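**Q** I'd like to ask some things about the structure below.
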Amino acid sequence: MTEAAISDGGAVISVRKVSKRFPNGTLALKAIDFDVPEGQFVSLLGPSGCGKSTLLRIIAELTPPTGGTFRRVAHSGGAGVALGFVFQEPTLMPWASTLRNVMLPLMLAGIADRDAEPRAAAMLKSVGLEGFEKAYPRELSGGMKMRVSIARALVTKPRILLMDEPFAALDEITRHRLNDDLIALWERERFSAIFVTHSVLESVYLAQRIVMMAARPGRIVADFANAAPYPRDELFRTSAEYAQLCRNASQALKQAMDA
Ligand SMILES: Nc1ncnc2c1ncn2[C@@H]1O[C@H](COP(=O)(O)OP(=O)(O)OP(=O)(O)O)[C@@H](O)[C@H]1O
């Protein structure tokens with residue numbers, strides 16, 4: 001791993017000296033500088049409470065920063081929605097079919113059913129759920145529900161995909177499979193991805209760049225490029241190279257936390 005080059009050129013997300021203090025006085029983020037170049041797969045890695053979710057929510061404009069500036073360049077495609085968000089819980093509508101769940105963002109964008117339906121069906125196919133269009137969320141496994149959630153986030157062809165520990169609640173085999181599928185989707189669509197996790201292993205497997213955060217106050221303590229080539233697959237997962245990269249990242253995280 002080498003130090004990541006951070007430049008302003010081509011950044012889709014630009015965060016400058018951003019801080020967030022909650023009304024109860026908690027300083028969740030302090031002076032965060034963070035740029036994401038277009039098409040990059042970044043992982044935000046850090047222990048519980050270091051402000052990963054808060055930073056993601058600021059980028060998604062779900063909560064405002066209390067200091068600093070933030071810029072997001074909207075390279076919108078398709079329906080004009082530039083950003084997709086996948087939460088830790090799949091948050092599906094229980095009364096609606098899989099297809100209707102994925103159609104929701106298109107319908108909210110005013111797209112007619114006859115156009116939205118084939119787009120949602122194609123997206124379900126690309127996350128491996130062809131044949132489950134009529135199923136209801138209660139009929140799906142945890143991994144399948146998360147696939148629906150990813151399909152719903154990607155159906156508008158966003159250029160930025162934000163993911164907040166999306167696979168944390170899944171068993172290891174399902175998580176591995178979804179990691180592989182996520183890489184395949186990203187290689188095909190080349191959206192800019194920010195993936196929040198507290199798993200060093202998942203971070204090294206997925207990302208081109210790992211941004212490490214520490215708590216009290218939430219801040220960035222290290223920023224590394226992960227040059228392992230894609231596709232990363234089962235062979236990579238069991239390679240000495242992957243093991244070494246994980247060791248390096250763990251050590252870097254430990255050093256950063258101790259400093
Ligand atoms: N609405 C809120 N009001 C007050 N404090 C908050 C609020 N939301 C988060 N915090 C605090 O801000 C800090 C950062 O929280 P955040 O959820 O961003 O961390 P995280 O790294 O995503 O943690 P986790 O991995 O557990 O989700 C924590 O100390 C948390 O308790």
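**Q** Can you go through ASP223, ASP233 and tell me which one is touching a residue at least 24 places away in the same chain (Cβ under 8 Å) and under 24 Å from ILE150 (Cα atoms)?
**A** Being touching a residue at least 24 places away in the same chain (Cβ under 8 Å) and under 24 Å from ILE150 (Cα atoms) holds for just one of ASP223, ASP233, which is ASP233.
**Q** Same structure, new question: Considering only the range 187-198, state which residues are within 27 Å of ALA214 (Cβ to Cβ) and in contact with a helix residue (DSSP H, G or I) (Cβ under 9 Å, 6 or more places away or on another chain).
**A** Passing the criteria: ALA193, ILE194, PHE195, VAL196, THR197, HIS198.
**Q** Does any residue in the range 172-193 that is closer than 14 Å to GLU38 by Cα come within less than 6 Å, Cβ to Cβ, of a residue that is of a type in the set (Lys, Arg) and surrounded by 18 or more Cβ atoms within 10 Å (Cβ to Cβ) six or more places away or on a different chain, and which pairs are these?
**A** Within 6 Å, the pairs are PHE191/ARG159.
**Q** When you scan the range 81-117, how many residues do you find that are acidic (Asp, Glu) and either buried (at least 20 other Cβ atoms within 10 Å of the Cβ) or in contact (Cβ under 8 Å) with a residue 60 or more places away in the chain (or both)?
**A** Taking the range 81-117 as the starting set, the residues that turn out to be acidic (Asp, Glu) are 89, 113, 115, 117.
From what is left, the residues that are either buried (at least 20 other Cβ atoms within 10 Å of the Cβ) or in contact (Cβ under 8 Å) with a residue 60 or more places away in the chain (or both) are 89.
Matching residues across the range 81-117 total 1.
**Q** Any chance you could count how many residues in the range 56-74 are more than 13 Å from the ligand (Cβ to nearest atom) and buried (at least 21 other Cβ atoms within 10 Å of the Cβ)?
**A** Of the residues in the range 56-74, 0 are more than 13 Å from the ligand (Cβ to nearest atom) and buried (at least 21 other Cβ atoms within 10 Å of the Cβ).
**Q** Name, by its number, the condition in (1) under 25 Å from ASN248 (Cα atoms); (2) at pLDDT below 90; (3) more than 14 Å from the ligand (Cβ to nearest atom) that does not hold for PHE41.
**A** It is condition (2) that PHE41 fails.
**Q** Condition first: assigned to a helix (DSSP H, G or I) and either of a type in the set (A, V, I, L, M) or over 21 Å from LYS125 (Cα atoms) (or both). Now tell me which residues in the range 172-201 satisfy that.
**A** GLU172, ILE173, LEU178, LEU182, ILE183, ALA184, LEU185, VAL200, LEU201
**Q** Does the range 47-55 contain any residue that is out of contact with any Ser or Thr (no Cβ under 9 Å at 6 or more places or on another chain), within 9 Å of the ligand (Cβ to nearest atom) and among the hydroxyl-bearing types (Ser, Thr, Tyr)? Full working, then the answer.
**A** Filtering the range 47-55 for residues out of contact with any Ser or Thr (no Cβ under 9 Å at 6 or more places or on another chain) gives 47-51, 53, 55.
The next check asks that each one be within 9 Å of the ligand (Cβ to nearest atom); those that pass are 47-51, 53, 55.
Remaining after also requiring among the hydroxyl-bearing types (Ser, Thr, Tyr): 48, 53.
Scanning the range 47-55, I find at least one residue that is out of contact with any Ser or Thr (no Cβ under 9 Å at 6 or more places or on another chain), within 9 Å of the ligand (Cβ to nearest atom) and among the hydroxyl-bearing types (Ser, Thr, Tyr), so the answer is yes.
**Q** Let me ask something else about it. Given the criterion in the same structural domain as LYS52 (by the TED database), buried (at least 16 other Cβ atoms within 10 Å of the Cβ), of a type outside the set (Phe, Trp, Tyr) and more than 30 Å from LYS20 (Cα to Cα), identify the matching residue among ARG237, ARG232.
**A** Values: ARG237 fails: buried (at least 16 other Cβ atoms within 10 Å of the Cβ).
Of the residues listed, the single one that is in the same structural domain as LYS52 (by the TED database), buried (at least 16 other Cβ atoms within 10 Å of the Cβ), of a type outside the set (Phe, Trp, Tyr) and more than 30 Å from LYS20 (Cα to Cα) is ARG232.
**Q** Picking from LEU185, LEU245, LEU253, which residue would you name as being within 16 Å of the ligand (Cβ to nearest atom) and either closer than 15 Å to SER48 by Cα or out of contact with any strand residue (DSSP E or B) (no Cβ under 8 Å at 6 or more places or on another chain) (or both)?
**A** LEU253
**Q** Being within 16 Å of the ligand (Cβ to nearest atom) and touching a Lys or Arg at 6+ places or on another chain (Cβ under 7 Å) is the filter here; which residues of the range 188-213 pass it?
**A** Hits for the range 188-213 are VAL196, MET213.
The values are calculated or read from the model by the stated rules, or taken from the named source; none is laboratory data. The structure displayed is predicted, hence computed values, not measured ones. Methodologically, a virtual Cβ is constructed for each residue, glycine included, from the backbone with ideal geometry; neighbour enumeration extends over all protein chains shown.
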